[in-house]
Amino acid sequence: MPVVALKEILGRAFEKRYGVGAFNIVDDLTMMAVLDAASETRSPVIIQVSVKTVKFWGARLIQQTFAELASQRPIPATLHLDHCPDVSMIKTCLEAGWNSALFDASSLTYEENLRQTTEVVRFARKLSAGVEGELEAVKGVEDGVGGDLEGELVPIEKCVEFIEATGIDCFAPAIGTAHGMYATEPVINFDRVKEITARKPVPIVLHGGTGLSDDTFRRLIQNGCAKVNISTKLKMQLADSFRTYLENKPKEYDPLKLLKAVQQDVKGMAAGFMDIFGSAGQA
Ligand code: 13P
């Protein structure tokens, strides 16, 4: 199946109450691994990329690699820019053919966030691209973006007003999750997701997926989280796989064997999440 819009992938997931994994890939190897996991489990998938990774490889190279790899696989896939506070970088990515972006204006006032997000949505629409919106900062740092504190909670009516006024395709509220590893058990605000979607049926984005229990994922997805972000776990899997392979085979110098082994591990990790999120079999 060709590349499809974020709105399309999430609309179906929200309606049928499954979650689509949005995996923060770091290169072509991890992108291929996640797309292969999606193909094998017949899952729709979101290839998500941090600003730091875009700066490393360049927006065009990532988009071209995605277009080539996605075209060879029979599942709906979309290319999404994660937490980006920089409007010019969003424009660069969308103009290069990316499908959507998270405009992270959570450090701005409510009014300024609403004004700028509306402009970003207007720009994205001209390119048939999608936008994820955020009002309250998600706790933790995602590849250099973010801080140690969760943003102050915005009243539900204000969230609804923001979603309607901006026209965003999905919304990322603060619900007690955090980027990175959890030092202590997180206190998840399951009801907040339910309350927002009851007032405004829009796909909700679950940030900070690494370290949550299967039950937490399932309950949040049931309440309306249709996009489920996984970043730290992919990075850990990648590093651990390289380390394990090299420690176990210190005399093996065929790089393709090493890369293949690592790719298989990352694929297995992603496929496991696709099963938990209920997206397996939905493509
Ligand atoms: P984790 O790093 O906790 O998996 O969170 C990913 C995320 O929310 C990316 O925006």
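Read-outs: derived from the displayed coordinates by stated rules, not from any lab. The structure displayed is predicted, hence computed values, not measured ones. Cβ coordinates were reconstructed from backbone atoms using ideal geometry, including for glycine residues, and neighbour counts include every protein chain displayed.
Quick notes on this one:
- Taken one residue at a time, the phi angles of region 77-92 give Karplus couplings (6.51, -1.76, 1.60, θ = phi - 60°) of 9, 9, 10, 10, 8, 7, 3, 10, x, 9, 4, 5, 5, 4, 4, 4 Hz. Gly and Pro are set to x.
- Using the Cβ-Cβ distance between ARG42 and ARG17 with R0 = 22 Å, the FRET efficiency computed as 1/(1 + (r/R0)^6) comes to roughly 0.80.
- Note on the chain: dipole from Cβ charges, positive end direction compared against THR92, GLN222, ALA67; the farthest Cα belongs to ALA67.
- Between GLU136 and ALA174, the built amide H atoms are under 5 Å apart, and every one of these is 5 or more places off in sequence or on another chain.
- Computed Rg/Rh of the chain, alpha carbon atoms with Kirkwood Rh: 0.96
- Nearest 10 degrees, 0 to 90: helix 232-248 Cα axis against the chain principal axis: 10
- Charge dipole (Cα centre; +1 on Lys/Arg Cβ, -1 on Asp/Glu Cβ; no other charges) of region 125-282 amounts to roughly 580 debye.
- Residue by residue, region 221-230 carries 3J(HN,Hα) couplings of 5, 4, 7, x, 6, 9, 10, 10, 8, 10 Hz when phi is fed to the Karplus relation 6.51 cos²θ - 1.76 cosθ + 1.60 (θ = phi - 60°); x denotes Gly or Pro.
- For region 148-224, the alpha carbon convex hull comes to 92 Å³ per residue, rounded to a whole number.
- Relative to the dominant Cα principal axis of the chain, helix 59-71 is inclined by about 70°.
- In this structure, the residue pairs whose Cα-Cα separation is over 19 Å, taken from LYS52/LYS126; LYS158/LYS200; LYS200/LYS227; LYS16/LYS200, are LYS52/LYS126.
- Residue (of LEU234, THR210, HIS179) at the positive-pole extreme of region 154-258, dipole from beta-carbon charges: LEU234
- 10 Å beta-carbon shell around THR65, net charge (K/R +1, D/E -1): -2
- Across region 174-185, computed HN-Hα scalar couplings (Karplus, 6.51 cos²θ - 1.76 cosθ + 1.60, θ = phi - 60°) run 7, 10, x, 8, 8, 5, x, 7, 7, 6, 10, 4 Hz from first to last residue, x flagging Gly and Pro.
- About the Cα centre, charge dipole magnitude for region 45-149 (Lys/Arg +1, Asp/Glu -1 at Cβ), debye: 480
- Computed about the Cα centre, the dipole magnitude for the chain is approximately 720 debye when only Lys and Arg (+1) and Asp and Glu (-1) carry charge, each at its Cβ.
- At R0 = 25 Å, FRET efficiency that the Cβ-Cβ distance of GLU157 and GLU8 yields, to 0.05: 0.30
- Paramagnetic label zone (point 7 Å from Cα along Cα-to-C-beta, LEU259; backbone N under 11 Å) in region 11-40: 28-30
- Length-normalised contact order for the chain - Cα pairs under 8 Å, 6+ apart - percent: 25
- Region 100-187, relative contact order in percent, only Cα pairs under 8 angstrom and at least six apart counted: 31
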